[in-house]
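Chemist: Okay, here's the structure, questions in a sec.
The numbers here are math on the coordinates, done by the rules we state, and not lab data. Please read all numbers here as calculations on a predicted model, not as lab measurements. Cβ sites come from the backbone with ideal geometry, for glycine too, and all protein chains shown count toward neighbours.
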């Protein structure tokens with residue numbers, strides 16, 4: 001059975017000195033709410049890969065998230081922060 005989509009918590013992560021955090025046991029990622037644009041996409045992917053592939057090294061997570069973020073950005077993908085994400089199976 002496929003794992004559920006991750007829970008995403010947005011908050012300032014200054015005290016943690018991180019742009020994102022991944023909690024594999026809770027299938028949850030936290031992302032710094034101040035991130036925008038490419039950096040937001042990059043860190044969302046970075047934490048996503050930590051959750052999907054907990055066996056990967058940090059080096060591999062960095063490499064794969066960077067490659068994927070660059071590809072999506074070059075293809076014109078942008079995160080619209082003013083529009084809440086739609087639920088799976090629902091169109092906007």
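Chemist: Among residues belonging to the range 1-29 that are in a strand (DSSP E or B) and under 21 Å from residue 72 (Cβ atoms), point out the one that is farthest from the chain's Cα centre (by Cα).
Modeler: In the first step, residues of the range 1-29 are kept if they are in a strand (DSSP E or B); the result is 7-11, 20-23, 28-29.
Still in the list and also under 21 Å from residue 72 (Cβ atoms): 8, 10, 20, 22, 29.
Working: 8: 8, 10: 11, 20: 8, 22: 9, 29: 7 Å.
Only one residue tops the list, namely 10.
Chemist: I would also like to ask the following. Among the residues of the range 31-44, which ones are part of a helix (DSSP H, G or I) and in contact with a strand residue (DSSP E or B) (Cβ under 8 Å, 6 or more places away or on another chain)?
Modeler: 40, 43, 44, listed by residue number.
Chemist: Can you tell me which residue is nearest to the chain's Cα centre (by Cα) among those in the range 45-75 that are in a loop (DSSP other than H, G, I, E, B) and surrounded by 13 or more Cβ atoms within 10 Å (Cβ to Cβ)?
Modeler: So, considering only residues that are in a loop (DSSP other than H, G, I, E, B) and surrounded by 13 or more Cβ atoms within 10 Å (Cβ to Cβ), the one nearest to the chain's Cα centre (by Cα) is 53.
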